[in-house]
Each structure stands twice: as structure tokens, then as C-alpha cells.
Amino acid sequence: MSDRQLAVEFRGVSKLYGALAVLKELSLSVPQGEKIALIGPSGSGKTTVLRILMTLETIQAGTVWVKGEPLWHMPKGDGLAPATETHLHAMRRHIGMVFQHFNLFPHMTVQENVARPPQIVLGVTSGEAEQRAQDLLRLVGLAQKGASYPAQLSGGQKQRVAIARALAMQPAIMLFDEPTSALDPELVEEVLAVLRDIALEGKTTMLLVTHEMSFAREISDRILFLDGGAIVEEGPPDQIFSDPKEERTRLFLKKIIAAGHRID
Ligand SMILES: Nc1ncnc2c1ncn2[C@@H]1O[C@H](COP(=O)(O)OP(=O)(O)OP(=O)(O)O)[C@@H](O)[C@H]1O
């Protein structure tokens with residue numbers, strides 16, 4: 001068994017694409033409620049960590065545990081067997097994900113985008129789902145946009161709907177994969193403000209892949225620096241950004257600053 005207090009645990013996880021090792025025996029423990037930012041160069045494996053949790057990718061070695069239960073495996077006798085589709089389906093309910101490119105249902109209104117998934121997947125009554133959707137749209141500042149279609153919204157508004165839709169499933173764990181990187185600069189802050197509110201509320205475990213270093217520093221309890229499919233360094237934000245111990249972390253941050261980005 002795994003520790004029930006942990007929202008997420010990776011133990012010796014390896015992910016291969018053919019001969020390419022994208023994650024190399026990665027181990028990671030995330031207590032419930034912790035906010036983690038994954039930073040690192042392009043191709044270091046950050047998105048892969050999230051996609052494995054979403055069961056969008058399989059793994060070749062190791063185990064992943066979500067809320068004390070094996071994700072990609074099921075208990076069998078004294079050991080573990082590969083997970084069935086039913087097991088994966090049940091485990092997915094713990095996790096919500098917000099992608100870089102919104103992925104809204106284009107033929108549904110904003111209200112329907114948020115209300116339908118809990119009805120269809122969780123069997124929530126229509127009255128409760130509609131109410132929950134209204135509350136969440138208010139939370140993300142879009143109470144007036146329920147009847148609009150995604151094509152009628154700005155990028156920042158679309159992303160706020162995507163966040164409301166993920167929250168409507170009431171997941172214990174929220175994954176954010178570069179949620180602001182497809183947005184025009186002037187729309188970034190409105191999405192960060194919503195993420196900040198979720199982080200401050202405290203209950204939800206958050207794993208955030210981002211290139212917004214100042215924001216990662218502001219809201220995270222812990223920063224993980226990935227390079228080459230491994231966690232090179234991890235620690236509290238102030239330590240990682242002001243006093244990194246590893247040469248590779250220092251080099252990465254230097255490049256970020258040289259590219260004109262802030263890390264303070
Ligand atoms: N479907 C795939 N087939 C083959 N290789 C893949 C596939 N998906 C990802 N990769 C490779 O896996 C490695 C890790 O990718 P991943 O998207 O996790 O990196 P990342 O750290 O999130 O990068 P970025 O910051 O650019 O999004 C990269 O080398 C990528 O090219």
C-alpha cells in the first residue's frame with residue numbers, strides 16, 4: 001500500500017518513446033494540498049509527468065500512486081497487475097487537467113461546457129450541475145457568458161472556462177500544462193488571477209507546468225527542476241530561484257533571465 005496522505009507518488013517511473021528515455025526512474029511524492037511547479041528546459045519531461053497522471057501515456061517501469069491507490073496497476077495477490085480500463089476510468093476522476101489549448105467543446109455553450117461533464121461522467125443531477133456551473137463561472141469571472149459559445153470568447157476567457165470545467169468535476173488534483181502560453185500577453189494575468197485563487201483556497205493539490213517563473217515562485221510550495229527526464233533539484237521557491245545548488249539549475253535560470261524573463 002501507499003501513503004493515503006499523498007495525493008501523488010511516482011516510484012522509479014520510466015517512460016520510453018522507442019529508444020528515447022523521456023523519464024528516467026523518476027520518483028516524486030506530493031502530499032495532499034501541495035502546490036508544485038515543474039520547471040525545466042523544453043523536452044525535459046514536464047508535460048509527460050502530467051500526461052501519465054491523466055492516463056494519456058503508459059509507463060514502462062515503476063509505479064504511480066494517486067490518493068494511495070496504484071494508478072497504472074491494480075493490487076493482485078502480493079503484487080500488482082496491469083490496470084484495467086475500468087480501474088483507469090475510476091482513477092481518472094481524482095484528476096482534472098487544463099491544457100495549453102483550452103480543448104472546449106465548440107458546439108456547446110459555456111454553461112454546457114461546464115455543466116455537462118459532471119452530469120455525464122459523475123451522474124450529477126441536471127439541477128445540481130447547472131448550479132455548480134453557474135457558481136464556477138462566477139468564480140472565474142464569467143457569470144455573464146454562460147449563453148456564449150467558445151468561438152465568441154477571447155483566449156483568456158476560453159482558458160477560464162476550461163478551468164471552470166475541470167473544477168466542475170471536483171477533482172482532488174489539478175494539473176495545469178502551460179495554461180497561459182497560448183495567450184496574448186495582456187490576457188495572461190486574468191488567467192493567473194484565477195489560478196492564484198485556486199492555490200490560495202488551499203485544498204486542491206496542484207501540479208503546474210509553466211514558463212511563468214515569477215508566478216511559479218509566488219504560488220508554489222515547492223519547485224521541481226527537471227532536466228533530461230530526471231528531477232535535478234527541488235526545493236522551496238526562494239531557494240531554487242535565489243540560491244540554486246545545482247549547476248544545471250543555475251544555467252537554466254541564467255538563460256531565462258537572458259531571454260528577458262523575470263524570476264523574482
Ligand atoms: N508522442 C511522442 N512520441 C515521441 N516522442 C515524444 C512524444 N511526446 C513527447 N516526446 C518527447 O519526449 C520528450 C519530453 O517531452 P515533454 O513534452 O514531456 O517535455 P516538456 O519538458 O514538457 O517540454 P516543453 O517545455 O517543450 O513542453 C521530448 O524529447 C519530446 O520530443
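Read the figures in this text as sums done on the coordinates, not as results from a lab. Being a predicted model, the structure only gives us computed values, none of them experimental. No Cβ is skipped: glycine too gets one built from the backbone with ideal geometry, and neighbour counts run over all protein chains shown.
Computed values, structure above
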item	result
DSSP bridge pairs, the chain: antiparallel proportion in percent, nearest 5	60
Gap separating the Cα centres of region 160-192 and region 1-42, nearest whole Å	21
Estimated 222 nm signal from helices in the chain, with DSSP H stretches of n ≥ 4 weighted -39500 (n - 2.57), rounded to 500	-10500 deg cm²/dmol
Per-residue Cβ neighbour rank within 10 angstrom, fewest leading, 13, 232	232, 13
Selection of GluC sites (Glu not before Pro), region 44-138, meeting DSSP coil and at most 15 other Cβ within 10 Å	none
For region 83-145, alpha-carbon Rg relative to the globular expectation (2.2 N^0.38 Å, N residues)	1.25
Surface/4 of the Cα convex hull for the chain, nm²	14.9
Residues of type lysines that residue 254 reaches as a straight line, Cα spacing below 27 Å, ignoring anything fewer than 8 places off in the same chain	24, 35, 46, 245
Segment residue 138-residue 85, extension gain: residue separation times 0.36 nm, minus the distance between their alpha carbons	15.6 nm
Lysines whose Cα lies under 22 Å from that of residue 158, excluding same-chain neighbours fewer than 8 positions away	145
Candidates per trypsin sites (Lys or Arg not before Pro) in region 136-181, loop by DSSP, up to 13 other Cβ within 10 Å	none
Residue among 173, 36, 52 with the largest mean-square fluctuation in a Gaussian network model of the chain, springs linking Cα atoms under 10 Å	52
Ratio of the Cα radius of gyration of region 1-97 to 2.2 N^0.38 Å, where N counts its residues	1.05
Region 163-264 - share of DSSP beta bridges that are antiparallel (%, nearest 5)	50
Rounded to whole Å, sorted largest first: equivalent-ellipsoid semi-axes of region 116-173, Cα gyration tensor	19, 12, 10
Quotient of C-alpha Rg and 2.2 N^0.38 Å, computed over region 126-264	1.19
